[in-house]
Amino acid sequence: MVRVRFAPSPTGFLHIGSLRTALYNFLFARHHGGVCILRIEDTDRTRFVEGAIEEQINSLAWAGVTFDEGPHVGGNYGPYVQSERFDLYRTYGMQLVESGHAYYAFDTAEELDAMRVRQQAAGIAPKYDRSSMRNQYTLGEQETQRLLAEAAPHVIRLKVPLTADVRFHDEIRGDVVVAGREIDDQILLKSDGFPTYHLANVVDDHLMEITHVIRAEEWLPSTPKHVLLYEAFGWKAPTFAHVPLMLNPDRTKMSKRHGDVMVRDFAAKGYFPDALVNFVALCGWNPAEDREIYAMQELIDRFTLDRVHRAGAVFDYKKLEWMNAEYLRAKDCAALANALLPSLEAAGYTHREPTYVARVIELLRERVTFLHDITTFGDYLFGDTLAALDQATEASLQGDAALRAALAAFRDGLSDDILADADAFKGLAKASAEAAGLAMGKFMKPLRVVVTHRDVGADLHPTLQLLGAERCKSRLDAFLS
RNA sequence: GCACCGUUCGUCUAGAGGUUAGGACACCGCUCUUUCACAGCGGUAACACGGGUUCGAGUCCCGUACGGUGUACCA
């Protein structure tokens, strides 16, 4: 049985990169009929943000990523919040001390800083120096016990075997080998008693029977420590898969400075969740087909780890926009109308009967990226108070006698019957223009401007048809008067 | 600095020794459209570099360069 987990820390909103990691876990689990687990990694109390857990779960749910086990749904492997598993980590950490795989260290932050400064000055890699710092080995058993007895602040560190290489297989990157001498004696239990990520994730992944650890590439360098921990405990390590990072245009780790990066930002901007999921799924993975649009179930059917790309992927906002527009064009207009209704009401528009709104959407959606664009793009269809025309345009239109004559003739001939028939509409427009000695091009454009106060929009005939003869006439009258 | 990972059009990618190196976004044309868009058609544009291995290398090996990540009592 495949069991995977997405393990965010509650330090803020859900990052788009985290969404993708969660999505890959979700797709992998569903593809294999396995279990997808949400685990909260809140072992750093200083970075905890109130409400972040709920916020992240909401973003995930919005995107359609759901969990079979987690703090919000329960499960047989709980609790799913690490701070509620506090005692567990101490127990396992001590087990390692007893078996000789970990040890006590008493160094202060200042002493550690000094050590690093020394090492950098000497041109060597900053790494805990087990033989010169204040720890169980340098202090001796007696002194260690004495310090512990008087409750001196201390941490538990992993005793990394210096001689052997650590090797593991990554499903995406292949075999990875790191020399033991390169690996730091990582702190396992902090002086506040909380575990570090490294201890907690290994203990929990084992206890929760996680089979595949699918996480971001930034974890690759610390994976050897985790492998060492599994070995020290005598546990079988899960299969690792480190997915590539999502990048800024300058190829650094995706961050705020280059645009929106939080899932809620994308939602607020008007992206459809299925479009965002579709896009993000294809950012670093693809099923090798000549198509781009995939529904969630289609992603599930196709998702495999061996098709995850190895290099980081620059996040292309332009392509995301294109994809959102694709979804906008494909969705059911009645449903879209329902979704648009609240903002139409908020904007105070008068014409917002659902079937009418659906027809407006049908007419205009080919021209916009977001559903809410239609609110402003089609304002002349929803309301009868038109956007102000700029002075120069107004003046030149008003000053054109031939145009006024043509518009008047058009106005007089207009009826819903005429609008119901494309040929009849065209005939009327043509007759009106010609009678005033106007070329069609000199008539149709101004007609659009006068009726909609905009120079771009959908085809004029269906637009006027949607408006109805009455509303068209009153706008023409307003101009002519 | 050191460790690890990576490198195919501007971007996302296909490619698992023999391809005119394919698709998508973006960009540029043309067609359609009495507007803008959509759509259709067409175009510009890539195997980082150097050595091997091989009859043959984008594909395999080794270097180099460049980039990223990591290097915390953060995850």
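Brief remarks follow.
- Reachable aspartates and glutamates from residue A:445, criterion Cα separation under 16 angstrom, eight or more residues apart if same chain: A:390, A:394, A:400, A:434, A:455, A:459
- Convex hull volume of the stretch A:246-288 per residue (C-alpha atoms, cubic angstrom): 77 Å³
- For the stretch A:362-436 versus the stretch A:231-289, the gap between their alpha-carbon centres in whole angstrom: 46 Å
- Over 27 Å between alpha carbons, listed pairs A:319/A:442; A:256/A:319; A:256/A:318: A:319/A:442
- Over the stretch A:331-382, the Kirkwood radius and the radius of gyration, each from Cα atoms, give a ratio Rg/Rh of 0.89.
- Every helix of 4 or more DSSP H residues in chain A counts as -39500 (n - 2.57), and over all residues that averages to -14500 deg cm²/dmol at 222 nm.
- Segment residue A:445-residue A:177, extension gain: residue separation times 0.36 nm, minus the distance between their alpha carbons: 89.5 nm
- Local net charge near residue A:382, Cβ-Cβ under 11 Å (Lys/Arg +1, Asp/Glu -1): -3
- Here residue A:430 is the anchor, and the aspartates and glutamates within straight C-alpha reach of less than 15 Å, apart from those fewer than 8 places off in the same chain, are A:412, A:421.
- The translational diffusion coefficient of chain A, from Stokes-Einstein at 4 °C and 1.567 mPa s with a Kirkwood hydrodynamic radius over alpha carbon pairs, comes to 47 µm²/s.
- Partners of residue A:236 within straight-line reach, counting lysines whose Cα lies under 24 Å from its Cα and excluding those fewer than 8 residues away in the same chain: A:159, A:225.
- Using every pair of distinct Cα positions in the stretch A:87-197, the Kirkwood expression returns a hydrodynamic radius of 15.4 angstrom.
- Entry for the stretch A:256-327 at q = 0.22, 0.24, 0.25 Å⁻¹: log10 I(q)/I(0) = -1.07, -1.21, -1.28, Debye formula applied to identical alpha-carbon scatterers, no solvent contribution.
- At full extension, residue A:290 and residue A:112 could sit 58.6 nm farther apart than now, given 0.36 nm per residue minus the alpha carbon distance.
- Bridge orientation summary for chain A: considering DSSP beta bridges with both residues in this region, about 55 percent are antiparallel.
- Ranked by the mean number of other Cβ atoms within 10 Å per residue, highest first, peptides A:471-481, A:167-177, A:205-215 order as A:205-215, A:471-481, A:167-177.
Coordinate-derived values only; no laboratory data. What you are looking at is a predicted structure, and each value in this text was computed from that prediction instead of being measured. Here the Cβ is made from the backbone with ideal geometry for all residues, glycine too, and neighbour counts use every protein chain on show.
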